[in-house]
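Here the structure is laid out as structure tokens; the discussion comes afterwards.
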Amino acid sequence: MPALAPAPPQRTVEPEGERAGDAARLNVVGVVVLGMITALGGGLIRDVPIDSQPPATLLDWRHHTLATVGGLVAFPLSRHLRRLEPAITVLDAIGPSTFAVIGASKALEAALGVAPAILLGMVTAVGGTIRDTLVGQVPTVLRTGLYAIPPWWAPR
């Protein structure tokens, strides 16, 4: 099987992640770790079942750098982000949809078929679910339709 090209870097700034870190009263290290898990976790989980070794996230230093810088920039701004909550919610729904499409495309490139592509597309969009679980919250995707519908529908 030919080697697949590395996926583009995942999310760079995770406002939802920063709000979760702020709500959990995390320090800057905690917020950066949550941001990295949110940005990189779904792609790591996706790449294992399609045998993309090493996972695309580990092939390019920009993935980690963008996630780290995003957390470092957003940490001091988290209190100010609350004023932009409605806009951030909409933009945060667009991100997982985009990554669902990227995940589904990567699965199709690996010749897995439509059903596995839809599943792996959704798996790619779960970074925020991992984040929410780590801070002891019910994952946003399970309690807000705006989050759940786009990543579920996008790979179709």
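Report, to the nearest whole %, how much of the accessible area of the stretch 44-95 belongs to carbon and sulfur atoms, 1.4 Å probe, protein only.
Answer for the stretch 44-95: carbon and sulfur cover 70 percent of the accessible area.
Determine the order of 99, 75 by accessible area, beginning with the largest, at a probe radius of 1.4 Å.
The residues order as 75, 99, largest area first.
With just the Cα atoms defining each centre, how far is the stretch 111-143 from the stretch 24-66? Give it in Å.
Centre-to-centre distance over Cα atoms comes out at 14 Å.
Starting with the highest mean, order 129-137, 109-117 by the number of other Cβ atoms within 10 Å, averaged over the residues of each peptide.
129-137, 109-117
The values are calculated or read from the model by the stated rules, or taken from the named source; none is laboratory data. Values in this document were obtained by computation on a predicted structure and should not be read as measured data. Note that each Cβ is placed from the backbone with ideal geometry, even for glycine, and that neighbours are counted across all protein chains shown. Side chains included, ligands, DNA and RNA excluded: accessible areas come from the protein's heavy atoms. Shrake-Rupley method; radii C 1.70, N 1.55, O 1.52, S 1.80 Å.
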